[in-house]
Structures are given as structure tokens and as C-alpha cells.
Amino acid sequence: MAGADAGGSLRFGDGTAGLDVMESAPRYNTAIEDDIVRAIGLPTATKRVLDVGAGKGEFSRRLRDRGYAVTCVEVSPDHVAELRASGFEVHASIEDVPSGAAFDAAILVNVLEHIEQDATALRAIAEQLRPGGRLFVWVPAFEVLYSDHDYGLGHFRRYRRETLERVVRIAGFRIVDSGYRDSLGWAAALAWRLRPRRGEATEPSASSVALYDRLLFPVSSAVDRVAHPVIGKNVIVTAERP
């Protein structure tokens with residue numbers, strides 16, 4: 001989850017801070033899972049998915065449970081050990097994935113914002129996909145929301161819909177679909193961005209995330225049906241390798 005090094009080797013830095021907090025948001029994670037499945041198609045035992053920046057394996061496990069064959073890219077040694085103990089094939093970088101693997105899909109969930117050379121990373125991922133293979137990207141949206149929380153997590157940027165589409169196209173993909181997610185979360189993130197700073201933690205607590213997930217996220221998801229073209233805390237793109 002970091003950019004290419006000085007020698008040009010594409011490796012992902014450890015951007016896994018905050019994963020424990022997001023375990024307190026099962027509705028949010030299920031919404032992402034549902035978006036992934038819609039993007040990459042119905043589950044089959046033969047459909048091969050590359051989970052780039054797999055972290056602790058939240059979505060790798062969910063996809064495997066649905067019938068997908070999942071290979072992980074993850075740099076954190078602790079998470080690599082956990083993923084391997086769970087039976088996943090794991091690589092430390094895109095370069096370490098055997099060439100010619102011809103995956104049916106690749107997913108990046110809250111990963112691309114950690115990569116300085118984002119188009120370079122997506123080109124490397126494209127090389128691992130078969131023609132017609134799908135790409136799914138979920139990232140934080142709107143630079144106006146960039147906060148100390150983003151900085152602490154190692155985010156280089158947040159994206160608008162058009163900027164994410166542009167970098168995906170630059171990497172050689174054809175856009176299939178895009179849109180925003182978590183419309184009420186946009187206001188919550190802005191409130192966090194503008195809050196008075198008194199030396200408190202730079203990220204929301206697990207309890208506050210769980211409360212939002214339980215009470216407000218279902219409402220936000222309903223509002224998304226109307227608001228998804230224009231606003232949300234996150235933005236997604238589904239694309240296809242020609």
C-alpha cells in the first residue's frame with residue numbers, strides 16, 4: 001500500500017492501520033462485499049480473484065465463502081502469516097505474483113489511496129488479468145475531506161469520481177460503472193475534518209464507528225440510491241481489461 005520505490009519495483013507499503021476499527025462496521029463491510037460481487041459477477045469455484053492489499057483478509061474470506069478462488073497480495077508479515085494460516089496463497093507484491101496467472105478479477109478496497117504511483121500500480125494489476133477481466137476499486141472520496149485521519153493512515157489523496165475514472169483509464173482499463181457510496185458519511189467525515197483539535201486521537205473510535213454503522217449507515221445506503229452520482233464518503237469504479 002505504498003508507491004514504487006526508487007528502483008521502480010512496485011511494492012505495497014504497510015497501510016493497515018485502522019483495520020481493527022473497521023471490524024466494528026459489519027454493515028459497511030457487507031455493502032462493499034455486495035458491490036464487489038455485482039462488479040465481478042456471480043460466484044463460481046473456477047473464478048479466480050486477486051485481492052490486492054488484502055490486509056487481515058476481510059474480503060478474501062467473504063469472497064471465498066461465496067465460491068471464489070482468492071489469491072492475496074499483502075505486505076504486512078503478521079497479516080501474511082494470518083492469511084496463509086487461513087489457507088490463502090499470498091504474495092508480498094504484484095511483482096511476486098507469477099506472470100501469466102490470468103485472473104478473472106482484481107479488487108482493491110481502501111488500497112489505491114496508499115499508492116503514490118497509482119496508475120503504475122493499476123497497469124501492473126492489468127497485466128495479471130485475462131482479457132475481459134474485471135477491476136473493482138473502492139477508495140475514499142473528495143479532497144475536502146482529507147484529514148489527520150487520512151494522513152495517519154498514509155493516504156496520498158482522496159478521489160473524485162472523475163479523477164478515479166481517469167487514472168483507471170490511463171492504466172488501460174475500460175470503465176464499466178462508477179459512483180459514490182455512503183452519502184451521509186460525507187457529512188460525518190466533514191465534521192471530523194473540521195472538529196476542534198485538542199490532542200485527541202486522529203481516528204474515530206471503534207465504538208463511534210460501530211454506532212454509525214448500526215444507526216446511520218443503513219439510512220445512508222438508502223440515500224445512496226439517489227445520491228450516488230454526486231456525493232459520498234467513498235467512490236467506486238468497476239472496469240474491464242480490453
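The values are calculated or read from the model by the stated rules, or taken from the named source; none is laboratory data. Since this is a predicted model, take the numbers as computed values, not measurements. Methodologically, a virtual Cβ is constructed for each residue, glycine included, from the backbone with ideal geometry; neighbour enumeration extends over all protein chains shown.
Scanning segment 45-58 for residues that are surrounded by fewer than 24 Cβ atoms within 10 Å (Cβ to Cβ) and either part of a helix (DSSP H, G or I) or among the charged types (D, E, K, R) (or both) yields 47, 48, 56, 58.
Checking each residue in segment 32-44 for being in a loop (DSSP other than H, G, I, E, B) and either without any contact (Cβ under 8 Å) to a residue 12 or more places away in the chain or within 20 Å of residue 125 (Cα to Cα) (or both) picks out 41, 42. For segment 146-164, a residue qualifies if it is surrounded by 19 or more Cβ atoms within 10 Å (Cβ to Cβ), at pLDDT 95 or above and part of a helix (DSSP H, G or I), and the qualifying residues are 161, 164. Selection of segment 85-101 for residues being in contact with a strand residue (DSSP E or B) (Cβ under 9 Å, 6 or more places away or on another chain), in a loop (DSSP other than H, G, I, E, B) and loosely packed, with under 12 Cβ neighbours inside 10 Å yields only 98. Contact annotation: residue pairs with Cβ atoms under 7 Å, 6 or more positions apart or on different chains, pairing a residue in segment 201-212 that is within 16 Å of residue 149 (Cα to Cα) and of a type in the set (A, V, I, L, M) with a partner that is modelled with pLDDT of 75 or more and in a loop (DSSP other than H, G, I, E, B), are 206/24; 209/24; 209/25. Selection of first residues in segment 155-181 that are of a type outside the set (D, E, K, R) and of second residues that are surrounded by fewer than 20 Cβ atoms within 10 Å (Cβ to Cβ) and part of a strand (DSSP E or B), restricted to Cβ pairs under 9 Å at least 6 apart or on distinct chains, gives the following pairs, ordered by first then second residue: 164/178; 168/174; 168/175; 168/178; 173/240; 175/240; 176/240. Scan segment 51-65 and give yes if some residue there is under 23 Å from residue 224 (Cα atoms) and among the β-branched types (Val, Ile, Thr), otherwise no. Looking for residues that are under 23 Å from residue 224 (Cα atoms) and among the β-branched types (Val, Ile, Thr), one finds none in segment 51-65, hence no. Considering only segment 68-78, I want to know if a residue exists there that is among the acidic types (Asp, Glu), modelled with pLDDT of 95 or more, crowded, with 17+ Cβ neighbours inside 10 Å and within 23 Å of residue 179 (Cα to Cα). The answer is no, given that none of the residues of segment 68-78 is among the acidic types (Asp, Glu), modelled with pLDDT of 95 or more, crowded, with 17+ Cβ neighbours inside 10 Å and within 23 Å of residue 179 (Cα to Cα).
Only residues that are closer than 20 Å to residue 242 by Cβ and either among the aliphatic types (A, V, I, L, M) or surrounded by fewer than 23 Cβ atoms within 10 Å (Cβ to Cβ) (or both): list them for segment 113-125, please. Lay out the reasoning, then the answer.
Residues of segment 113-125 that are closer than 20 Å to residue 242 by Cβ, as a first pass: 118-125.
Within segment 113-125, 119, 120, 121, 122, 123, 124, 125 qualify.
Residue 197 passes every criterion in (1) modelled with pLDDT under 95; (2) touching a His at 6+ places or on another chain (Cβ under 8 Å) apart from (2).
Would you check if residue 171 is farther than 18 Å from residue 34 by Cβ and touching a helix residue (DSSP H, G or I) at 6+ places or on another chain (Cβ under 8 Å)? So residue 171 fits the description; yes.
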